[in-house]
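Read the structure below first, then the notes.
The values are calculated or read from the model by the stated rules, or taken from the named source; none is laboratory data. As the structure is a computational prediction, the values presented were derived from the model and not from experiment. FYI the Cβ positions are ideal-geometry reconstructions off the backbone, even for glycines, and counts take in every protein chain you see.
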Amino acid sequence: MRNKIRFVLNGQMEVIDDCLPTDTVLDFLRDEKNLVGSKEGCAEGDCGACTVVLAENVDGELRYNAVNACILFLPTLDGKHLITVEALQQEDGSLHPVQQAMVEQHGSQCGFCTPGIVMSLFAMYQQQRSELPSRKSIDACLAGNLCRCTGYAPIVRAARQSLSPGGTDKFQKAEAETLEILAGLESDQTLSISSGGRTFLAPTTLEQLCSELASLPDATIVAGATDVGLWETKQMLQPETMIYTGNVLGLGII
């Protein structure tokens, strides 16, 4: 078993061997790394103010997903690249195309929700490069981000402006290097993080998963943490043992 969480944060390697299994990514970013662009709004994965992006190696290609940092447990970052709004500035110091479009289209008022909206659009910027997304796709992208004052018309205009085909950012230019780094983090060993009387296990194969479940029948199974994450943030419950299924390749398809 491995007992260190290894991931990339905004292009820099992070290795963590001492954390509570229920520490959230948002608390880590704000309290440990002083990256306060990601906000805590609802603390239950509804408002999207805490949105960050995870990039991971999927069959030799980078897959970017917008996720809620407020209910995501820190050990689930293992082997991935975590990108926050602080990292979007381009090499020449200019704003990312998504950020620039939000400025030009007046997509922000109070600004509390803006970093999360930018990160959701940033994930879509990486995912959809060959054609302008439909309004339905844009609405689906923004469905997890609540804006209480701007209204969505200028945000949608910003999305259309920034998601026009043909743009290239520093992340796309560095994809080969990022894939190489993430490939170096891959492991077939179960990740085991223990602290404060609690344990987080992340097997990588169905055989390992079945073995862990057989020996720990009372363990809490965690996938996306959209349910168990709320136990921590809303009910202050901390499961003694969690088994994470997100690294098990055999569960990637139905």
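Scanning region 108-121 for residues being modelled with pLDDT of 95 or more and among the small types (G, A, S) gives a total of 2.
Under 8 Å between Cβ atoms, which residue pairs at least 6 apart in sequence (or on different chains) link something in region 74-91 that is within 18 Å of A183 (Cβ to Cβ) with a partner that is of a type in the set (S, T, Y) and in a loop (DSSP other than H, G, I, E, B)? Going by the 8 Å Cβ cut-off, the qualifying pairs are G79/S187.
Identify, from the list F112, F28, the residue that is surrounded by 15 or more Cβ atoms within 10 Å (Cβ to Cβ), out of contact with any Asp or Glu (no Cβ under 8 Å at 6 or more places or on another chain), of a type outside the set (A, V, I, L, M) and farther than 30 Å from A219 by Cα. Give the derivation first.
Working: F28 fails: farther than 30 Å from A219 by Cα.
Within the list F112, F28, the selection yields F112.
In region 161-181, the residues that are without any contact (Cβ under 8 Å) to a residue 40 or more places away in the chain form Cβ pairs under 7 Å with partners that are in a loop (DSSP other than H, G, I, E, B), at six or more places apart or across chains, as follows: S164/L132; P165/R129; P165/S130; P165/E131; P165/L132. Scanning region 61-76 for any residue that is in a loop (DSSP other than H, G, I, E, B), surrounded by fewer than 20 Cβ atoms within 10 Å (Cβ to Cβ) and in contact with a helix residue (DSSP H, G or I) (Cβ under 9 Å, 6 or more places away or on another chain) turns up nothing. For residues that are among the aliphatic types (A, V, I, L, M) and in a helix (DSSP H, G or I), scanning just region 77-104, find the one that is farthest from M119 (Cα to Cα). Looking at residues that are among the aliphatic types (A, V, I, L, M) and in a helix (DSSP H, G or I), I get L77. Residues in region 237-254 that are under 19 Å from M1 (Cα atoms) and touching a residue at least 60 places away in the same chain (Cβ under 8 Å): M242, Y244, G246, N247. Pull up region 1-38, narrow it to residues that are of a type in the set (K, R) and farther than 27 Å from Q172 by Cβ, then point me to the one that is modelled with the lowest pLDDT. Per the stated criteria, the residue is R2. Taken over region 40-58, the criterion of being more than 25 Å from S195 (Cβ to Cβ) and either of a type in the set (D, E) or surrounded by fewer than 21 Cβ atoms within 10 Å (Cβ to Cβ) (or both) is satisfied by G41, C42, D46, N57, V58.
Give the residues of region 146-160 that are surrounded by fewer than 22 Cβ atoms within 10 Å (Cβ to Cβ) and either touching a helix residue (DSSP H, G or I) at 6+ places or on another chain (Cβ under 8 Å) or without any contact (Cβ under 8 Å) to a residue 60 or more places away in the chain (or both), sorted by residue number.
Of region 146-160, the ones surrounded by fewer than 22 Cβ atoms within 10 Å (Cβ to Cβ) are 146, 148-154, 156-157, 160.
Scanning region 146-160 gives R148, C149, T150, G151, Y152, A153, P154, V156, R157, R160.
Matching residues to (1) of a type outside the set (G, A, S); (2) farther than 17 Å from L163 by Cβ:
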residue: N65; (1), (2): yes, no
residue: C70; (1), (2): yes, yes
residue: P75; (1), (2): yes, yes
residue: K80; (1), (2): yes, yes
residue: Q89; (1), (2): yes, yes
residue: G107; (1), (2): no, no
residue: S120; (1), (2): no, no
residue: A123; (1), (2): no, no
residue: Q127; (1), (2): yes, no
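Taking region 42-56 only, how many residues are modelled with pLDDT of 95 or more and among the small types (G, A, S)? Qualifying residue count for the region: 3.
Among the residues of region 129-142, write down those that are within 16 Å of G166 (Cα to Cα) and touching a Leu at 6+ places or on another chain (Cβ under 7 Å). Reasoning before the result, please.
Filtering region 129-142 down to residues within 16 Å of G166 (Cα to Cα) leaves 129-133.
Matches in region 129-142: L132, P133.
Restricting the first member to region 203-220 and to residues that are more than 13 Å from Q189 (Cβ to Cβ), and the second to residues that are among the aliphatic types (A, V, I, L, M) and part of a loop (DSSP other than H, G, I, E, B), the beta-carbon pairs closer than 9 Å and six or more apart or on different chains are L206/V248; L209/V248; L213/A219.
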